[in-house]
Amino acid sequence: LHSDLESLTTVAKKAQAVLQLNFMNDIPKDMDAVEKAWPPNSVYNRPKAFPVVKYAYNPGPKSKEAINHKSTVQYGPAEGPRRFMHCLDMARVSLVCQSSAALRLTLEHVCDRFEVVHVRNHYQPHMAGLLGDKYVEVLVVLKQGLPFPMVCEIRLEEECFHDARKAAKPVLAKVAKGFSSIYMREGIAPAYLEYFVKWLLMKPKAVHALTVFRRQLSRRYSSSIVAWRQLFSGSPGTNQVHMAFNTFREVCGHHNHRARTVEFWQELDSTRSGRICIFDLDEEAVFLLVKFLGRVVALTGEPEKADGEVLFTTMAQKALVKLSRPNLMDATEFRLCCKPMGFNASEADRLFLCLDGHGGCKAQPPATINANDLEWVKNKLPRLVDIPSVILSTPDNTQPPFRQLIAWAEATKDDDMNRNDLMQEPIAKKLQRHESICMAREASEATGAISNQQRLSLAAGAMGANLEALWRSRPSGAGNEIEDGKADDSKPQKELKPGEAAAKACADKLIADKSLADAGVVDDEEAQAESEEEEEVEGEEAEEEEAEEEDASEAGEAAAEEEEEEDEAEDGKKKKKKKKPQKPRIPVAEMSRRLIELNVLQRKVVKQTVMTICYGVTSLGAKEQVRGQLQDMVGDTVEADEINQLAGHLSKLVLKSIDEVFDRAMQIKRWFDKVSAVLNRLECPTSWIAPSGLACVQPYKKARKVSVLTRRQKVTLNDSDGPKVDKAKQRMGFPPNFVHSMDATHMMLVANACNEQGISFAGVHDSFWTHAGQATRLTPIIRDCFVQLHGQPILDELYQDLKIQLSATGEELEPPPEQGDLDINRVRESPYFFH
């Protein structure tokens, strides 16, 4: 692996010429002629090897300065001097297409022609940065004619996006310079700071689940830094600096995230080198520790010779703090010691959590720090991260160690304008703090590309360089096929999955609402009244659920009679409380328009509701499910109240769409509810006979209290086998439990058939396993057994069974819905039925 900048730059120029040759129609005689035929910052029209590409753009190889800036900001903290080898776009070419359909076809051509190592689709919502930049990045390996293999970038873009980026480039440069002038301090390199601003605006936002994982580490070990010290520093294969994947997988497994280990690893592995460092795990905490290190060593006269004992003693002496316990410092004392160094209370508290090496805040209280913790910061932290890269400064080998860090720490002591604050403070507020931003806003509006989009022009003015506002002026439909996962209209459409079908139905309803609103047909007053009625229904459902929870909690308590009377009195007070005033609701037509603009009509938004409809999900439960998905997708940009209203509107459309798309299934579910209602009136648990002959009974009953009075005390016991059934659980559990009994019967049939044919078999619920050599024999058995099971009149047999149960009660039960026209034998031809 080559990490020398000079050699990498030399090879990158050769790789650029080799990469350009793959797109040129007329091959030059030598490599020198390539640059003359297709110079940097120029286009090459209609390359024959890629017929659907309008033109190829040659930005030229990355300059030495650009490589240094990118490597230092993105990879420097983790890799230090080895950072240059992780820059994978030193040689690059952009392929510009007129439509997304042509882009999709070009991607297939690139994968056929080159050795592709990685593809990143920036059309996906979770890959979008603050600017909304959209393209497809393909990393390929070139070997021929090069001293060593070189990874190069081929970027696939639509013409409207490519032109918008070129138009916004000078605006983005002015914004970066404005930030640089605001945050420029001694020890910070202006070029690094400018690149950091651009990278911050363009990089994808962090996955929410990864944020949750970091919080779990902090809750368990008091901070992610302590988690690293305890879990990773001394583990085999980490080399005290980097963490191996196996170790990370074990940690994720301990916190119930094993299934998302690879996703978290790819997010944290900024260098794509197969390892992560402490800076990748929590860069804000590392930056705060570096700031603390610079200021604490500045207190000593000889920072290079000072050890943990000297730093610990000096901190206490400078702050005139008398320790309550010798050689130990608690949180309050540490806060007093940090105050003269310029740290506020919140920063001091977080520093204390990061320095508390034994996790006393969580595991072994009381929490304290000692000289060993400061020794770790002084000697170990500079080995774990590259400090000059963390503070965005150029390494100065002429100065003694720590002198550059001390100068930077002292320069940022008063106003704390630094990398950490740049990531935390909202960007729109920063942009309003400098005159150059006004110039950038004028330049953005002067492009003319956003003149007919007033709302988006205001957003561009606040951001200074919001490319998405410019891209809104693209041709109608450009980019929607890739973003929404749709194919070209000229090609046959694939069959939609259940979640996709429901999402499409919701989209059609929203588009219809939006079209009616644009035409002036939608009556907002009627829609408002309908929303209020539905909101009242949700409130009643919420009260019912709360009542059920209160009943369950009362059944689980062992309290005396006097305490029960007090609880009833308190419940009566709660019911008399007035409702809080409701915030003004958004009109239905406006909510439909807003949902389309936010681009949230995706499969994952409706999947959970579709999958849980058979479990009796209510409108309130569906709203919570949809709100959770919307919060993950647009929670950073949309207020909570608006998300709540959008979730209510969208969840109602999802439930209506489910009735339309899965009409026959919903009829069966409603029939199951009627069966449960009849049995609940009779206080009978729901029971049936599975096709396997197994008698199934739902044992859901209401718990009752039994009081035992002794001479010394009164003991209240809970009897979970009371005389009355739990009607809610009986009704909601019937459909899923009946389906589970069908799955169990299917598994039993498959197991018997495998036993007869000598095939090894194992299974859990609806997941069947066998050896790889016997998989082709298991596949037809699964399908044949399924046809054998569901070819029977299952609902009719259940109906006859229930009639026998109710014959002595006089209750009548209506027959089940009629069977549909689906040919069950087509399952044998389905390749994805079981795979």
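General remarks:
- Remark: segment 1-146 carries 45 Å² of accessible area per residue (probe radius 1.4 Å; ligands, DNA and RNA excluded).
- Solvent exposure, largest accessible area first (probe 1.4 Å, DNA, RNA and ligands not counted), of LEU694, LEU798: LEU694, LEU798
- Mean shadow area of segment 705-803, taken as a quarter of the surface of its Cα convex hull (nm²): 11.3 nm²
- Note on segment 1-131: the C-alpha convex hull projects to 9.5 nm² when averaged across all orientations.
- Value of Rg to Rh for segment 294-339, rounded to two decimals, is 0.95; Kirkwood radius and Rg both from alpha-carbon coordinates.
- Prolate/oblate/rounded call for segment 66-172, Cα gyration tensor, a/c under 1.5 rounded: oblate
- Accessible surface, segment 628-674, averaged per residue in Å² (probe 1.4 Å): 45 Å²
- Binning the C-alpha pair distances of segment 609-689 at 5 Å intervals from 0 yields a P(r) profile of 3, 14, 19, 17, 14, 12, 9, 6, 4, 2, 0 %, listed from the shortest bin outward.
- Taking every Cα-Cα distance in segment 99-228 and sorting them into 10 Å bins from zero, the calculated P(r) comes out as 10, 25, 28, 27, 10, 0 percent.
- Between the alpha-carbon centres of segment 755-833 and segment 297-317 there is a gap of 75 Å.
- Accessible area per residue for segment 701-757, computed on protein heavy atoms with a 1.4 Å probe, is 64 Å².
- Accessible surface of segment 703-830 [probe 1.4 Å, protein heavy atoms]: carbon and sulfur percent: 50 percent
- For the residue pairs LYS134/LYS198; LYS36/LYS166; LYS166/LYS198, the C-alpha atoms sit more than 19 angstrom apart in LYS36/LYS166.
- Residue-by-residue Karplus 3J(HN,Hα) for segment 772-787, coefficients 6.51, -1.76, 1.60, Hz, glycine and proline x: 4, x, 10, 5, 5, 7, 6, 4, x, 5, 4, 5, 5, 5, 5, 5
- The order of the peptides 337-347, 811-821 by mean Cβ neighbours within 10 Å, most packed first, is 337-347, 811-821.
The values are calculated or read from the model by the stated rules, or taken from the named source; none is laboratory data. Remember, it's a predicted structure, so these values are computed and weren't measured experimentally. Reconstructed Cβ throughout: ideal geometry from the backbone, glycine too, with neighbour counts over all protein chains shown. Please note that ligands, DNA and RNA were not included when accessible areas were found on the heavy atoms of the full protein model with its side chains. Shrake-Rupley method; radii C 1.70, N 1.55, O 1.52, S 1.80 Å.
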